[in-house]
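Asks: Supplied in structure tokens, the structure appears directly below.
The values are calculated or read from the model by the stated rules, or taken from the named source; none is laboratory data. Keep in mind that this is a model prediction, so the values were computed, not measured. We place every Cβ from the backbone using ideal geometry, glycine too, and count neighbours over all the protein chains shown. When the accessible area is computed, the model is the full protein with side chains, heavy atoms only, and any ligands, DNA or RNA have been set aside. Shrake-Rupley method; radii C 1.70, N 1.55, O 1.52, S 1.80 Å.
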2 protein chains.
Amino acid sequence: MRFRLKGYLELSGSIPEEAIDEVKGFLGEICETLFLRGVPRGREEEGARLVGWRVEGDKFHVEIESGRYVRAHVAFVRLRNALAGFLGSRFGVGVRSSRVFDYVLEFELEREPLEPVSVLFARDVKFDGRKVTVFLEELDDTALERNYSDRIISRIREKVSRQYVSGKGEFTRTVKRNVRGFERYKLSEDPTEVAVKLGWIKEYPAAGIWQIMPPMAALIRAMEGLIVDMVARPLGFQEVMLPRLIPLDVEYRKGHFGIANEIIWACPPISRDPKDFEDLIDYVEITGGPPPAELLKEKVRPPMYGLSYAQCEPFYEMFHKEIVDLDLLEKEPITLFDRNGPTYRWESGGLRGMERLNEFHRVEFVFLSTPDKCVEIRDAILERTEKVVGEILDLDYRVDATTAVYLEHAGKTEEEEGGEGLVKTYDLTVLLPFQTKSRPEAELEVASFHVHTDFYAKRFSFKDKKRRTVFTGCAGLGPSRFAYVFLVRHGFDFEGWPAEVKKYIGEKLPELPRMLTWPKG
Amino acid sequence: MRFRLKGYLELSGSIPEEAIDEVKGFLGEICETLFLRGVPRGREEEGARLVGWRVEGDKFHVEIESGRYVRAHVAFVRLRNALAGFLGSRFGVGVRSSRVFDYVLEFELEREPLEPVSVLFARDVKFDGRKVTVFLEELDDTALERNYSDRIISRIREKVSRQYVSGKGEFTRTVKRNVRGFERYKLSEDPTEVAVKLGWIKEYPAAGIWQIMPPMAALIRAMEGLIVDMVARPLGFQEVMLPRLIPLDVEYRKGHFGIANEIIWACPPISRDPKDFEDLIDYVEITGGPPPAELLKEKVRPPMYGLSYAQCEPFYEMFHKEIVDLDLLEKEPITLFDRNGPTYRWESGGLRGMERLNEFHRVEFVFLSTPDKCVEIRDAILERTEKVVGEILDLDYRVDATTAVYLEHAGKTEEEEGGEGLVKTYDLTVLLPFQTKSRPEAELEVASFHVHTDFYAKRFSFKDKKRRTVFTGCAGLGPSRFAYVFLVRHGFDFEGWPAEVKKYIGEKLPELPRMLTWPKG
């Protein structure tokens, strides 16, 4: 690794001509001490060196080179601080600010990139085999102190290593398969069209969103009831109501900007003053239709929230900068669940069926405890969910151990399975006798079960009082999808449904609102 | 009223010099017929007159004046259509398009404006006492056919008449008052601080949104249960799940652009391709924080949905262009309710308490039937809600007859009470022994009850098979607010709560997730 930096300090005044020798002496000292502090013995050539300096009016120019230890920008900051003290006390001259205007980073990758990558803040990135040269300009104090240059190197490494990963499939292995055959399934094709014809769902002028009419609402509530009564309550989970608007800081800590392309963002209006909207209202009233998108865009602020995507975002935020006691939580772990209304994904491609939605329902389980306890809880949720899906709903399904989705959310890929073969994610996928409407797969994932290790403890800065490792986990069980696969297995005739499901609904299904022109079936 | 219009027709070719006399004759005929068609006998001077015309190459210029009957732009369209037929058949010349480039409207207001108003599409609007002159330019075919000019006149009338209305208060009268005195109330100040200290709610980094922790979630669910069991079910309401993302067309039909300044808008990402977000992710990864708002704004499309504000928006959309049978619906009205998660308002001012929120819970009742039946249903919901609030929750409250909120939403004000003294809106307001955190009022509206007449039937184009008047209504009961006023009356000690509420919760309140640093109380 090689770092070459050019920059200057802006002084509050100029240094007296006669003092230059004294400055020279001080700089020589710095090079012997600060520029080598922390460098392992015998690796001094990989510390930092001052290769040039000059004073021009109130600008103190420096040029620094370094290897991997005491990187040039770190040396630059050390130099700045030391010089500020020295110049201040000796000549009454202060350091106003510092600026790096040219910084070249050289490092090696483990593998040659398959194609070149670029990165924000870099004027250029050059590749020569495994060797990378990054050209930076304009690093201010924040960029220096927050160590942008090291993060730029990590980011490039990550982008290149991602070129070698071809998706989630690579890490997936099936750990269980519960298959009795599709003969007992009532439907052999996607239930969406029949549901529309029967009026259980009604079209709504937004892709991936349906009006959920009384019979379907009753079925979804029954699925929710099963999940709460058969999984959440017996395991001691308590209900919370997690917000659905996720502020940008929380999105950041959750690592969700890595999936900004899948999130629907929420923007408050530019003001509360109706005067600011008068042209918009004029437009609507005079033309007799909604305003053009661009006019409406002028009336909103930049996004202030993401619409909840994972549902559990606010759970980790609940612990932000808090301290917990794992002695207590080992015995009584924190176990909460949430069913506070729909959550949102901006799904790709044509959404045609009711199995893949932009607005959908999920019961979200969240938990926090010791590593062992979190794995135990996650496994217990999986076990009980398997009972609901396999026994009560009587469906064929598969359980896969797979890539941790929380890493995917943060735009990362897992490079190895975590400590002692810990499986971070299980997916529960129901097998179907047909391809779903929106994907070329004869299956549907209906639940997933995660242990995040201390990933969120770190990102949301919460700690055990004795600094022991705090784990979190979550599990999402989708009543919308449970209802879909239930219909495939048991059909639309209420009479034949299992008693465990009927008990949530009553004697019969609720009726449709009556119209002459609907349902068209 | 006076209308003066200058415009031209763009022809597919020029008219032969020798045909001009024939054209003149045809125009004379038009002036006698088309320009006066529909004008009441004896009011011919208020029809339209062709005050000038000339042909320049392939442009056929005309100048038209009119009174209130056959307004100049209507005469212009009639002229265009007639001339297209005549020129086509006689000379093989077509009319390509038409354009009005100068249109002056003069009309009188009922009252002199308190201050001048402007309007979109008008270059200028001049006032002289009650007399208004509007200067329009550039009306294309759409603007002519969709009658922008008449709507501009209505819009100006509306803006001026609104100057004389000083808010909702004017139309409010109290119809009931149930007051027994605050002595029995457990709290004499806002419960927010105590709720935070006890950990029933936890701060969340977004104004007007709280983390709702297990005890509070249990209380809100109990309020929801009371509303469903004591109001919705006995009145035969069935549950539906209404979408929370409201597409712009539905917002338009609902009349919600009039309150665009109170709606939180939702924007999908510019694409699903992660490549388009690479600079955003670079920014986040390199700087270690959320992206600047402006960079995020570049990554989202213009708003595609509003976040549900009234909750009932999708209900009317359910009937869009459908036909119903009031013979049936008189006996079995359509009665649905929704509690499909939170809805959203962008509240003004500082939100400090838990009584006024940007994200909040409401059970929404919606119904559709004959006028009488809708009033009857609305009144029955009010009556049962009064029982819950007054008897079970044992609160002091007031019922006001007030301005129809659906008109307010559409940016309108009610100019008179509707047919036969029909009250369109009742508000149920709980009286409090203190001013709430966010408003200088010692009260809180917890529910409202509406009959919309055929306002939404018209806007969403649904009809009875025999064209009888179709009414709709809605009522919103807020469990978040019920919980708030409940705490004021009954305090935080579960033991003393009414049995009707406790039965929804169990033996005791659920416990808090345990942290060493929280709750701070």
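Asks: Hey, does the range B:512-519 have a residue that's in the same structural domain as B:Asp427 (by TED's automatic domain parsing) and buried (at least 23 other Cβ atoms within 10 Å of the Cβ)?
Replies: no
Asks: Let me ask something additional. Is it the case that the range A:319-329 has a residue that's within 7 Å of another protein chain (Cβ to nearest Cβ), free of Cβ contacts under 8 Å to residues at least 12 places away in the same chain and crowded, with 20+ Cβ neighbours inside 10 Å?
Replies: no
Asks: Follow-up. For the range A:303-318, what are the residues that are among the charged types (D, E, K, R) and more than 8 Å from every other protein chain (Cβ to nearest Cβ)? Step through it out loud before you land on a result.
Replies: Going residue by residue through the range A:303-318, those that are among the charged types (D, E, K, R) are A:313, A:317.
Listed by number, the list holds a single entry, A:Glu313.
Asks: So for the range B:360-372 (the condition being open to solvent by 10 Å² or more (accessible area, probe 1.4 Å), more than 8 Å from chain A (Cβ to nearest Cβ) and acidic (Asp, Glu)), does at least one residue qualify?
Replies: Yes, the range B:360-372 contains at least one residue that is open to solvent by 10 Å² or more (accessible area, probe 1.4 Å), more than 8 Å from chain A (Cβ to nearest Cβ) and acidic (Asp, Glu).
Asks: A further question on this structure: For the range A:386-409, which positions are modelled with pLDDT of 95 or more, touching a helix residue (DSSP H, G or I) at 6+ places or on another chain (Cβ under 6 Å) and buried (at least 18 other Cβ atoms within 10 Å of the Cβ)?
Replies: A:Val388, A:Leu393, A:Leu395, A:Tyr397
Asks: Continuing with the same structure: Would you tally the residues in the range B:14-41 being at pLDDT 90 or above and either in contact with a strand residue (DSSP E or B) (Cβ under 9 Å, 6 or more places away or on another chain) or open to solvent by less than 60 Å² (accessible area, probe 1.4 Å) (or both)?
Replies: Within the range B:14-41, residues that are at pLDDT 90 or above and either in contact with a strand residue (DSSP E or B) (Cβ under 9 Å, 6 or more places away or on another chain) or open to solvent by less than 60 Å² (accessible area, probe 1.4 Å) (or both) number 11.
Asks: When you scan the range A:56-69, do you find a residue that is open to solvent by less than 30 Å² (accessible area, probe 1.4 Å) and farther than 20 Å from A:Leu139 by Cβ, even just one?
Replies: no
Asks: Separate question: Could you say whether any residue in the range A:97-105 is under 15 Å from A:Met1 (Cα atoms) and either more than 14 Å from chain B (Cβ to nearest Cβ) or surrounded by fewer than 19 Cβ atoms within 10 Å (Cβ to Cβ) (or both)?
Replies: Yes, the range A:97-105 contains a residue that is under 15 Å from A:Met1 (Cα atoms) and either more than 14 Å from chain B (Cβ to nearest Cβ) or surrounded by fewer than 19 Cβ atoms within 10 Å (Cβ to Cβ) (or both).
Asks: Would you confirm whether or not the range A:344-356 contains a residue that is under 21 Å from B:Arg221 (Cα atoms), at pLDDT 95 or above and either under 23 Å from the mean Cα position of the chain (by Cα) or in the same structural domain as A:Ile209 (by TED's automatic domain parsing) (or both)?
Replies: no
Asks: So, one more: Given the structure, is A:Leu219 out of contact with any strand residue (DSSP E or B) (no Cβ under 7 Å at 6 or more places or on another chain) and more than 7 Å from chain B (Cβ to nearest Cβ)?
Replies: yes
Asks: Within the range B:255-272, restricting attention to residues that are in contact with a Lys or Arg (Cβ under 8 Å, 6 or more places away or on another chain) and farther than 13 Å from A:Ser271 by Cα, which residue is most open to solvent (accessible area, probe 1.4 Å)?
Replies: Once the filter is applied, the top-ranked residue is B:Ile270.
Asks: Is it fair to say A:Val231 is open to solvent by less than 20 Å² (accessible area, probe 1.4 Å), in contact (Cβ under 8 Å) with a residue 24 or more places away in the chain, over 17 Å from the mean Cα position of the chain (by Cα) and more than 7 Å from chain B (Cβ to nearest Cβ)?
Replies: Values: open to solvent by less than 20 Å² (accessible area, probe 1.4 Å): yes; in contact (Cβ under 8 Å) with a residue 24 or more places away in the chain: yes; over 17 Å from the mean Cα position of the chain (by Cα): yes; more than 7 Å from chain B (Cβ to nearest Cβ): yes.
Yes, satisfied.
Asks: Being in contact with a strand residue (DSSP E or B) (Cβ under 9 Å, 6 or more places away or on another chain) and free of Cβ contacts under 8 Å to residues at least 12 places away in the same chain is the filter here, so list the residues in the range A:42-55 that pass it.
Replies: First, the residues of the range A:42-55 that are in contact with a strand residue (DSSP E or B) (Cβ under 9 Å, 6 or more places away or on another chain): A:46-55.
A:Gly52, A:Arg54, listed by residue number.
Asks: Specify the residue that is nearest to A:Leu114 (Cα to Cα); the eligible residues are those in the range A:126-148 that are facing chain B (nearest Cβ under 9 Å) and open to solvent by less than 40 Å² (accessible area, probe 1.4 Å).
Replies: Initial filter on the range A:126-148 (facing chain B (nearest Cβ under 9 Å)): A:142-143, A:146-148.
Filter once more, keeping what is open to solvent by less than 40 Å² (accessible area, probe 1.4 Å): A:143, A:148.
Details: A:Ala143: 29, A:Tyr148: 25 Å.
Going through the qualifying residues, I end up with A:Tyr148.
Asks: Are any of the residues in the range A:160-167 touching a strand residue (DSSP E or B) at 6+ places or on another chain (Cβ under 6 Å) and either within 14 Å of chain B (Cβ to nearest Cβ) or open to solvent by 60 Å² or more (accessible area, probe 1.4 Å) (or both)? Can you show your working first?
Replies: Applying the first criterion (touching a strand residue (DSSP E or B) at 6+ places or on another chain (Cβ under 6 Å)) to the range A:160-167 yields none.
No, every residue in the range A:160-167 fails to be touching a strand residue (DSSP E or B) at 6+ places or on another chain (Cβ under 6 Å) and either within 14 Å of chain B (Cβ to nearest Cβ) or open to solvent by 60 Å² or more (accessible area, probe 1.4 Å) (or both).
Asks: To continue, here is another question. Given the condition open to solvent by less than 30 Å² (accessible area, probe 1.4 Å) and within 33 Å of the chain's Cα centre (by Cα), answer yes or no: does some residue in the range B:82-90 qualify?
Replies: No, there is no match, as no residue in the range B:82-90 is open to solvent by less than 30 Å² (accessible area, probe 1.4 Å) and within 33 Å of the chain's Cα centre (by Cα).
Asks: Consider the range A:243-255. How many of its residues are at the interface with chain B (Cβ under 7 Å from one of its Cβ atoms) and in contact with a strand residue (DSSP E or B) (Cβ under 9 Å, 6 or more places away or on another chain)?
Replies: Residues that pass the stated criteria total 7.
This table checks each residue for (1) open to solvent by 60 Å² or more (accessible area, probe 1.4 Å); (2) free of Cβ contacts under 8 Å to residues at least 60 places away in the same chain; (3) under 22 Å from B:Phe365 (Cα atoms).
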residue: B:Leu187; (1), (2), (3): no, no, no
residue: B:Ala195; (1), (2), (3): no, no, no
residue: B:Leu198; (1), (2), (3): yes, no, no
residue: B:Lys202; (1), (2), (3): no, no, no
residue: B:Ile212; (1), (2), (3): no, yes, no
residue: B:Ile220; (1), (2), (3): no, no, yes
residue: B:Gln238; (1), (2), (3): no, no, yes
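Asks: Can you find, within the range B:338-351, the residue that is surrounded by the most Cβ atoms within 10 Å (Cβ to Cβ) among those that are touching a helix residue (DSSP H, G or I) at 6+ places or on another chain (Cβ under 7 Å) and of a type in the set (D, E, K, R)?
Replies: Here is the first cut: in the range B:338-351, the ones touching a helix residue (DSSP H, G or I) at 6+ places or on another chain (Cβ under 7 Å) are B:339, B:345-346.
Imposing the further condition that a residue be of a type in the set (D, E, K, R) reduces the set to B:339, B:345.
Working: B:Arg339: 23, B:Arg345: 19.
Selected residue: B:Arg339.
Asks: Counting only residues that are touching a residue at least 24 places away in the same chain (Cβ under 8 Å) and among the hydrophobic types (A, V, I, L, M, F, W, C), which one in the range A:261-283 is farthest from B:Ser348 (Cα to Cα)?
Replies: Here the answer is A:Ile263.
Asks: Something else about it: Contact list please: Cβ distance under 6 Å, first residue in the range A:294-315 and in the same structural domain as A:Tyr344 (by TED's automatic domain parsing), second residue assigned to a helix (DSSP H, G or I) and among the β-branched types (Val, Ile, Thr), pairs at least six apart or on different chains.
Replies: Every condition considered, the pairs that remain are A:Glu313/A:Val250.
Asks: Next up: When only residues in the range A:480-511 that are among the aromatic types (Phe, Trp, Tyr) and assigned to a loop (DSSP other than H, G, I, E, B) count, which is surrounded by the fewest Cβ atoms within 10 Å (Cβ to Cβ)?
Replies: A:Tyr504
Asks: Further question: Output the residue which, of all residues in the range A:106-125 that are without any contact (Cβ under 8 Å) to a residue 40 or more places away in the chain and in a strand (DSSP E or B), is surrounded by the most Cβ atoms within 10 Å (Cβ to Cβ).
Replies: By that ranking, first place goes to A:Ala122.
Asks: Next question. Do you know which residues across the range A:3-40 are of a type outside the set (A, V, I, L, M), touching a residue at least 24 places away in the same chain (Cβ under 8 Å) and within 16 Å of A:Arg90 (Cα to Cα)? Break it down stepwise before answering.
Replies: Step one: list which residues in the range A:3-40 are of a type outside the set (A, V, I, L, M), which gives A:3-4, A:6-8, A:10, A:12-14, A:16-18, A:21-22, A:24-26, A:28-29, A:31-33, A:35, A:37-38, A:40.
If we keep only those that are touching a residue at least 24 places away in the same chain (Cβ under 8 Å) as well, we get A:3-4, A:6-8, A:10, A:12-14, A:16, A:22, A:26, A:35, A:37-38, A:40.
Hits for the range A:3-40 are A:Ser12, A:Gly13, A:Ser14, A:Pro16, A:Glu22, A:Phe26.
Asks: Now a separate question. For the range B:268-302, give me the residue count where each residue is more than 7 Å from chain A (Cβ to nearest Cβ) and at positive phi.
Replies: Number satisfying all stated conditions: 0.
Asks: Considering only the range A:435-465, how many residues are open to solvent by 20 Å² or more (accessible area, probe 1.4 Å) and over 30 Å from A:Leu329 (Cα atoms)?
Replies: Residues in the range A:435-465 being open to solvent by 20 Å² or more (accessible area, probe 1.4 Å) and over 30 Å from A:Leu329 (Cα atoms): 8 in total.
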